[in-house]
1. Output the number of residues of segment B:513-537 satisfying the condition of being assigned to a loop (DSSP other than H, G, I, E, B), surrounded by 15 or more Cβ atoms within 10 Å (Cβ to Cβ) and not hydroxyl-bearing (Ser, Thr, Tyr).
2. On the basis of being in contact (Cβ under 8 Å) with a residue 12 or more places away in the chain, within 25 Å of B:PRO349 (Cβ to Cβ), away from chain A (no Cβ under 14 Å) and surrounded by fewer than 20 Cβ atoms within 10 Å (Cβ to Cβ), does B:GLU555 make the cut?
3. Tell me which residues, restricted to segment A:216-247, are open to solvent by 80 Å² or more (accessible area, probe 1.4 Å) and under 30 Å from A:PHE303 (Cα atoms).
4. Working only within segment A:283-298, note down all residues that are crowded, with 19+ Cβ neighbours inside 10 Å, aliphatic (A, V, I, L, M) and either more than 18 Å from A:ASP89 (Cβ to Cβ) or within 11 Å of chain B (Cβ to nearest Cβ) (or both).
5. Identify the single condition in (1) touching a Gly at 6+ places or on another chain (Cβ under 7 Å); (2) buried (at least 19 other Cβ atoms within 10 Å of the Cβ); (3) modelled with pLDDT of 90 or more that B:GLY315 does not satisfy, given that it satisfies every other one.
6. Can you tell me which residue among A:LEU280, A:LEU274 is within 14 Å of another protein chain (Cβ to nearest Cβ) and surrounded by fewer than 18 Cβ atoms within 10 Å (Cβ to Cβ)?
7. Assuming B:LEU496 fulfils every condition listed in (1) within 14 Å of another protein chain (Cβ to nearest Cβ); (2) modelled with pLDDT of 80 or more; (3) assigned to a helix (DSSP H, G or I); (4) open to solvent by 20 Å² or more (accessible area, probe 1.4 Å) apart from one, which condition is it?
8. Are there any helices (runs of 4 or more DSSP H) wholly within segment A:230-319 with 1 or more residues that are modelled with pLDDT of 85 or more, and if so which?
Amino acid sequence: MGKYVLRRLLIAIPSLIGISIVLFTVVALAPGDPFEELATNPNIPAEVRANLRLKFGLDDPVAVRYVRWFTSMLQGDWGFSFVSRVDVDTLILQRIPVTLLVIGSSQLLALLIALPVGVYAATRPYSVFDQIANTLAFIGFSLPTFFTGILLILVFSIWLDWLPFVYRADIASTGWRWVWDHFKQAIMPVAVLGLAQGGSWTRYVRAAVLDVIRLDYVTTARSKGLSERVVVVKHVVRNALIPVATLVFLQMPAIFGGAIITEQIFRVPGIGSLLISAILANDTPVIIAVTFVLSCLVVLCNFTADVIYGWLDPRISYR
Amino acid sequence: MNENELRSLIDAVKARRLTRRRFVQIVAGVGLTAPMATQLLTWSGVAHAQAKSDYKATKRGGGGPLKLLWWQGATLLNPHFAVGTKDQEGSRIFYEPLGAWDTDGNLVPILAAEAPSLQNGGLAADGKSVIWKLKKNVRWHDGKPFTADDVLFTWEYASDPATAAVTTGSYKDVKVEKIDSHTVRVLLPKPTPFWADAFVGTRGMILPKHLFDAFKGDKSRDAPTNLKPVGTGPYKFTDFKPGDMVRGQINMDYHEPNRPFFDSIEMKGGGDAVSAARAVMQTGEFDYAWNMQVEDEILLRLEKGGKGRASIVPGGNIEHIQLNTTDPWTEVEGERASAKSRHPTLSDPAVRDALNLLVDRQAVQDHIYGRTGIATRNFLNNPERFRSKNVKFEFNVDKANQVLETAGWKKGADGIRAKDGKKLKFVFQTSINGPRQKTQAIVKQACQKAGIDIEVKAVTASVYFSSDVANPDTYTKFFCDIQMYTTTMTQPDPELFMDQFTSWQFSTKENKWQGRNITRVRSDEYDKTYRAAEGELDPVKRAAMFMRLNDIAVELRAVIPVVFRPRVAAISNKLRAPLSGWDNDLWLLKDWYREA
């Protein structure tokens, strides 16, 4: 086990370096210029732009820039944004709480829907409940978030005027009022993301439970005279949830990555909106840092999922 | 309009036969900015207009929060690093310049005690120096007094190339000296008719010396105050998250009585323009939203909500079409669109004239931009109020056909005109943007009727407007026959703006396409007039020359102006906010208040 973990960790290093090279080159080769707004302003002399490019080292060859970035990254220096001239790690840390709150609770909501509905539907396949749950699940994950988001805004903010549609990370009120305000503004983005994710997870949970529920040991458990509740909860769900747990775990990086479109619609200041505005402004250090952090998380979560899988299902051995 | 007419107009203002405002309007009609017009009056000895304030609040504070929505959030709060207007606006909450421009082009003193003029001795008669007297009761947000040292320092800071300030253009050529603790003199390198540039408006915000002193030049990025501004403005800094939120609270020591009105201010960033308009005009969640690049049809519909309206202020933005004078399709000495080549068909003045007749500006205004784009013939400025007088633009397909026919361009079997085997086929490029693609379609349709074949092309804005040397689709390369975009005249003085048709500004491979003459048009008269205007001491003569330059550029058809684009903001019906097209939206934030 220890050997296996060590080997997996060692394999992760070259793949991370590979990822960073690919990311850096692609971003560096992409067209555009962080000082584009300066370029269209006739009052700013061209030398100012040239000077800035020189100062930020944009005129060096890609390989030189990569080595410089990589060595300072190793020392914990993530560079600074060309646009705001703020350190990239500060920018990312500022966005993490909101991202975790909004995306995290939407994933939680998705789980809260997917688990009971999926399991219940699987125990009564092709019943009315199953049919309805299936239909709703399909609707949930086939509607794009940019559509449901705007639809919710139209209904709840504009027609009914119940909920605000501009998300503000710092709200001036205090105490319970503060909690309520946060809750109110988070309802729509969390619902949009949670329902879409919940839809696809419901389908997945249902399928996983259906696979298990037909197995012989479940029939054995039933013939022992155990109550249906105990059979489902203790024998079926436990085994069925092993693949589901892995799936949920692999979803973790997405929580940090934010949800670009939904964040844009509701003006949620999360990582996703940081990334998209950095991309639009050609702010390379921020783009690279955010995407690189995400790739690290993907690699890490994959690895952890593998380890956890073995722990959940002892039949899997490490070699 | 020539020099004499201009002089007689100024005399009329002096003799009070003509109001200042009317003078500004008339001069604007021939292409000068409002600030430029008022500067003419200043030089001619007409006193500054006393800025009338409509501010009605009678005590400081008590107005609750002011909520602004900027769909592109401010990313930094140092005005001298401001990449775009969003950053200038974010900084303007906290920092102030010596003087600012109101919507009629008057110079309004902010940190200055008075606007310099000939009468008060602020302006030297030779046009080589300006004396600014500063207000004495001003304190920085941290309690330190504001003095001439801060002004002097701001100049040192911005003019140092190592600081890499984007405002450096206004400071690098001037010298500033301190006369006493509250007076500074700006020494101009040559007689400068338009002197109100350094320390004025968007690029003139003054920084506190005591906080930035240690962070000049190379260390400029490390200043903690870049993110935590300490200014003199009506609101004090509380919190900033780049790209998301700027927050401030009332400055109880503000240097003007009864101001500001609001207890706190927040500027939320992100999202898109349409939903920002909604949040102000339909749900009333916010008080003000900036830069409404929204179709007028939608604005009109949202205004029916009754909570807010669109505020439309004239400024210097012109959506225009450029015609290439060089050949973009063949390489000459390894360079496309080389200044040494000539466009095979577009170089014929008849073709240019025909194209000018084929741009249906009125239709573009009526069907696409509405109130947010006014048809224009001038390249320099806003002629809105004078459209009836100056209707020199016309849309006439028959006349275009006739012009082409007379010049020998005959229709072929495919309906496309040709001469000497060269067909009238053009590629027309612009950035990807709804209204622009619609405009392209209108032009293409009209051209088809005149036997000109237009192939439209749209490039992603981030590529089109970049200075990427390796990309062939940037607007400065103009490897295309025709292109269209909006140019912004952020500076009231046209000198820098108008150098874009001079022959020494050609955009070429040699200067990495950084030259400003993108159409590579060459006119000896233009060059000569421009050189003369540069050295002209008499502001009236100089102004007349710029009007001539505007005419030459339009007559040469180097550019075909399409619509003038005013600045559009969404504003709550209760909010009173004096706006100006010649400065930031927040230029007079101190006077914003809400009616009961």
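The values are calculated or read from the model by the stated rules, or taken from the named source; none is laboratory data. All figures in this text were calculated on a predicted structure; none of them were measured in a lab. A quick note on method: Cβ atoms are made from the backbone with ideal geometry, for glycine too, and the neighbour counts reach across all protein chains shown. Calculation scope for accessible area: heavy atoms of the full protein, side chains included, ligands and nucleic acids excluded. Shrake-Rupley method; radii C 1.70, N 1.55, O 1.52, S 1.80 Å.
1. 9
2. no
3. A:VAL233, A:LYS234, A:ARG238
4. Scanning segment A:283-298 gives a single hit, A:VAL286.
5. Going through (1) touching a Gly at 6+ places or on another chain (Cβ under 7 Å); (2) buried (at least 19 other Cβ atoms within 10 Å of the Cβ); (3) modelled with pLDDT of 90 or more one by one, B:GLY315 breaks only (3).
6. A:LEU280
7. So B:LEU496 meets the others, but not (2).
8. Where helices (runs of 4 or more DSSP H) fall fully within segment A:230-319 and carry at least 1 residues being modelled with pLDDT of 85 or more, they are A:238-250, A:260-266, A:271-280, A:284-312.
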